[in-house]
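Quick notes on the structure that follows.
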Amino acid sequence: MSRKKVIAVSGGVGGAKLSQGLAAEMDASDLTVIINTGDDSWHYGLFVTPDIDTQLYTLSGRADLDRGWGRSGETWNAMNALRELGEDVWFNLGDKDLGLNLLRTARLARGDRLTDITRDFARAFGIASTLLPMCDQPVSTQLRCTDGDYDFHDWFVAHKTKPEVRDVRFRGAETAEMSGEVRAALFDPDLAAVIICPSNPYLSIAPVLAVPGLQQALIDCPAPVVGVTPVVGGAAIKGPTAEMMRGFDVPVTATSAAELHADIFDGYIIDERDSDQLPDFTRRLPDLAVTTADTMMVDLPAKRRLARAALDFADELARR
C-alpha cells in the first residue's frame, strides 16, 4: 500500500481481537480505532465505557483472556465490600477497573472530553495506536423487548440477554456530534483501509452509524471499507448476534449480516467455512466484493492472519 493509515471500527471483545491483530501486523502508530460508546452507562456513581476499556486492556496486554472481559490479575475487594453492605451486585468492576473509572468520571466532571481522556489513558498504557470514541456526547443503547424496555447493561448483564429484542434505539444519538478527530481520521489522504471489525451489527456497529454524519463519512471516505463477518456456520462468533437476528426474522448467515449495513461496505470477508454461501452472497449483493478467510481469532497468530487478509483485500479493492 502506498497509503498506510488504517481505521478499525469496533465494538467490544471481537473487535478488540482484530484491532490487536492489526496493531501487530502493521505499524501500530498508523492504526486508529473508532470505538462504539453506546454501551456506556453509570454504575456506582461512575461512568463506565466497556468497549473503550476492552480496547485499552487488549491493546496494552492487560486483558483477562480467561474471563473474556476486564483486566488480568484483578482483585474484587470493592465489590465484596458492597455485598457486605447488602448491595445486590450484578455489575462487577474489579479494583483496577474501578481506579480507571474513578479517574475518567472525575475528569468528565471537570469538563474534559471523552476523546482526550481516552487518548491520555492509551498513552499511559503504552498504546501506540489512536483510540477514538465514536463521539464525546453520551449515547445510550436501549432495547425494547417482548416483556418491556431495558437499558443495555440491564438486558445484557442482569438479564443475560434472555428477553427477546424487538427494537434497538440509541438515546442521545440525534444530538451527538462526530468529533474533529474522527472526521480527520476518515478523510486523511493517507488512509489505506477502513476495517469494520466482527462486532454485533445491532449493538456495536449500528450505534456508531447512528452518530449524525458518521455513516455518510464512511461511505465518502477515500479508502475501501471492508467488513468482517460476525457470523460463522450459522452461529455468532461471540455474544447475542444470532439470537437477535432470529428475533428480527433475519437468517443467521454471513450474507444476511453483510446486508444489514451493506451501504457502507466496499468489500466483505466471510469465513472460509461458509464458502458455500458465495453464490448466494454474489446474487443478493452483486455490487459488494466478497472473499473468504479464517475469521476465528483463537490466538495472536490467527488475529494477525485475519488482519493481513483484511489489509490485503482492501489493497486489492483500491487497485480495482
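The values are calculated or read from the model by the stated rules, or taken from the named source; none is laboratory data. Nothing here was measured: the structure is a model prediction, and the numbers come from that model. Ideal geometry is used to build each Cβ from the backbone, glycine not excepted, and the neighbour counts take in all protein chains shown. Only protein heavy atoms, including side chains, enter the accessible area calculation; ligands, DNA and RNA are left aside. Shrake-Rupley method; radii C 1.70, N 1.55, O 1.52, S 1.80 Å.
Using Cα positions and a limit of under 19 Å, work out the aspartates and glutamates in reach of LYS162, with same-chain residues fewer than 8 apart set aside.
ASP39, ASP147, ASP149, ASP151, ASP154, GLU243, ASP249
Could you state the per residue volume, in Å³, of the convex hull enclosing the Cα atoms of the stretch 212-320?
Per-residue hull volume (Cα only) is 117 Å³.
I'd like the orientation of helix 300-319 relative to the chain: the angle between its Cα long axis and the longest Cα principal axis, in ° from 0 to 90, rounded to 10.
Result, in degrees: 50.
As a quick test, which of the pairs LYS160/LYS238; LYS160/LYS303; LYS4/LYS238 have an alpha carbon distance above 20 angstrom in this structure?
LYS160/LYS303; LYS4/LYS238
With N set to the residue count of the stretch 1-92, report its C-alpha Rg divided by 2.2 N^0.38 Å to two decimal places.
Ratio of Rg to 2.2 N^0.38 Å for the stretch 1-92: 1.31.
As I understand it, the dipole of the stretch 210-314 uses +1 on the Cβ of Lys and Arg and -1 on the Cβ of Asp and Glu, about the Cα centre. Which of SER256, ILE219, VAL298 lies farthest toward its positive end?
With unit charges placed on the Cβ atoms, the residue in question is VAL298.
Kirkwood Rh over Cα pairs of the stretch 166-249 into Stokes-Einstein at 25 °C, 0.890 mPa s: D in µm²/s?
Here the translational diffusion coefficient equals 171 µm²/s.
Do me a favour and compute the ellipsoid semi-axes for the stretch 44-186 from its Cα gyration tensor, root of five times each eigenvalue, largest one first, whole Å.
25, 23, 15
Kindly provide the trypsin sites (Lys or Arg not before Pro) of the stretch 108-199 that DSSP labels as loop, not H, G, I, E or B, and whose Cβ sees at most 11 other Cβ atoms within 10 Å.
ARG110, LYS160
So what's the gap between the Cα centers of the stretch 117-139 and the stretch 213-266, to the nearest angstrom?
25 Å
Note the direction-averaged projected area, equal to a quarter of the hull surface, for the Cα convex hull of the stretch 54-108, in nm². Could you put the intermediate results ahead of the total?
Numbers: hull surface 17.8 nm².
Averaging across all directions leaves 4.4 nm² for the Cα convex hull.
Let me check the size of the stretch 108-198 from its C-alpha atoms; what are the radius of gyration and Dmax in Å?
Using the Cα atoms of the stretch 108-198, the pair Rg, Dmax is 16.8, 49 Å.
Placing unit charges on C-beta atoms (Lys and Arg positive, Asp and Glu negative, everything else neutral), compute the dipole magnitude of the chain about its Cα centre in debye, rounded to 20.
In total the dipole reaches around 460 debye.
The stretch 11-58: percent of C-alpha pairs farther apart than 18 Å?
Every Cα pair in the stretch 11-58 considered, those over 18 Å come to 33 percent.
Enter the mean projected area of the convex hull around the alpha-carbon atoms of the chain, in nm², rounded to one decimal.
15.9 nm²
Taking the Cα-to-Cβ direction at TRP76 and at ASP149 and moving 7 Å from each Cα, how far apart do the two end points lie in nm?
Placing both labels 7 Å beyond Cα along the Cβ direction yields 3.3 nm.
Determine the share of the chain's accessible area contributed by carbon and sulfur atoms, expressed in whole percent, with a 1.4 angstrom probe.
Values: 6830 of 13740 Å².
For the chain, the apolar C and S fraction of the accessible surface comes to 50 percent.
Rounded to the nearest whole Å², what accessible area per residue is found for the chain with the 1.4 Å probe? Let's see the in-between values first.
Details: 13740 Å² over 320 residues.
With all protein chains present, the chain gives 43 Å² per residue.
If one computes P(r) from the Cα atoms of the stretch 257-320, what percent of pairs lie at distances over 13 Å?
In whole percent, the share of Cα-Cα pairs in the stretch 257-320 beyond 13 Å is 64.
What do you get when you divide the Cα radius of gyration of the stretch 116-274 by 2.2 N^0.38 Å, with N the number of residues?
Output field value: 1.10.
Mind checking the angle between helix 114-124 and the chain's longest principal axis? C-alpha axes, 0 to 90 degrees, to the nearest 10.
For 114-124 against the chain, the angle is about 90 degrees.
Helix-only estimate, please: 222 nm mean residue ellipticity of the chain, summing -39500 (n - 2.57) across DSSP H runs of length 4 or more and dividing by its residues, to the nearest 500.
Computed ellipticity for the chain at 222 nm equals -10500 deg cm²/dmol.
With only Lys, Arg, Asp and Glu charged, each at its Cβ (+1 for the first two, -1 for the last two), find how big the charge dipole of the stretch 74-192 is about the Cα centre; round to the nearest 20 debye. Intermediate results must be reported in sequence, preceding the final value.
On the way: 15 positive and 21 negative charges, 19 e Å.
The dipole of the stretch 74-192 has a size of about 100 debye.
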